[in-house]
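*Asks:* A single structure is presented below for examination.
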Amino acid sequence: MPRFCCFLVVVVGCWLTTVSAAPVPGEQVLYQLDFDEHLGAEFAVDPYRHGAVLSKDNPHSGSYALESAGGGGPFQYFGQVDRLPLLAHRTYRLHVWARTADTPLAFVHVFYHVNGKMTNPPQGARLQIANSATWREHELIFTVGAGVAGGELRFRLAQAAPTAKVWFDDLTLALLPPGLRTDYRCASQRQVVTVRANVADYQATTPLEQMRLRVDFVAGQGGQVAATTT
């Protein structure tokens, strides 16, 4: 049974749950966090600590990963208040490695700023972490809306039992080139690959009826297109 990769040419915003680690051509890395530069016992700034620590327990790379246990209720945020240089109408790629224990519900949030502070109610992009006992890549492509100038990063556990844990490492936020995103790559051993697109996240310059989504299924490593759907 052949293994397939899919290559997408899109004209709308798109999220893929299983992704390639390769950077997007022309992207500009704005923010990197591997936790090795934070050499204290605690990570984050109050009130966003919630028991999160820097752990040497099997990091993805380097010496440390960020670890947090559950038990903090539905809004158990932890993170740091570093400002992210987000721009309105631009598209970004958020990439992180994570692993979990005891199936917590975990997220990485990018909250938007307007007039120098977080919006009320909060608005932003959210990357959900799949449960996995081993390190797994996660990626989110998102487009910032009108009026946004800056943002901040938060990690979150939601309704997690005290025995639940999540580890994060090697986070990157990159600014993608302006214009349409193409070549969204993913790899899967399944025969069904689900792609979800949201037209609202693309600032349309052409009528919506002219927009198309094309998926090419590529067999193995040779790059030969096995099937195409539009």
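Rule-based calculations on the coordinates, nothing more; no lab input. Remember, it's a predicted structure, so these values are computed and weren't measured experimentally. All Cβ positions, even for glycine, are placed from backbone atoms using ideal geometry, and neighbour counts span all protein chains on display.
*Asks:* Could you work out how much longer the chain between ASP82 and TRP135 gets when fully extended? Use 0.36 nm per residue separation minus the Cα distance between them, nm to one decimal.
*Replies:* That works out to 16.6 nm of additional length.
*Asks:* Tell me the label-point distance for the pair ASP57, GLU27, using the 7 Å Cα-to-Cβ offset, in nm and rounded to one decimal.
*Replies:* 2.9
*Asks:* Hey, can you rank 137-147, 27-37, 165-175 by average C-beta count inside 10 Å, highest first?
*Replies:* Per-residue Cβ counts within 10 Å, averaged per peptide and sorted highest first, yield 165-175, 137-147, 27-37.
*Asks:* Same structure again: What's the ranking of 116-126, 149-159, 99-109 by average number of surrounding C-beta atoms within 10 Å, highest first?
*Replies:* Working: 116-126: 12.8, 149-159: 20.8, 99-109: 19.2.
Descending mean neighbour count gives 149-159, 99-109, 116-126.
*Asks:* Then there is this: Per residue of region 129-139, in order, report the coupling 6.51 cos²θ - 1.76 cosθ + 1.60 (Karplus, θ = phi - 60°) as ³J(HN,Hα) in whole Hz, putting x for Gly and Pro.
*Replies:* Rounded to whole hertz, the list is 9, 6, 6, 7, 6, 10, 4, 9, 6, 9, 8.
*Asks:* Using 0.36 nm per residue, how much length does the chain from ASP36 to PHE75 gain when fully extended, once their Cα-Cα distance is taken away?
*Replies:* Gain on extension, ASP36 to PHE75, equals 11.4 nm.
*Asks:* Still on this structure, I have one more. How far apart, in nm, are two points set 7 Å out from the Cα along the Cα-to-Cβ line at LYS117 and at ALA146?
*Replies:* Spacing of the two 7 Å Cα→Cβ label points: 2.4 nm.
*Asks:* If you plug each phi of region 149-163 into the Karplus form 6.51 cos²θ - 1.76 cosθ + 1.60 with θ = phi - 60°, what whole-Hz ³J(HN,Hα) values come out, in order, with x for Gly and Pro?
*Replies:* 9, x, x, 8, 9, 9, 9, 8, 10, 10, 6, 8, 5, x, 7
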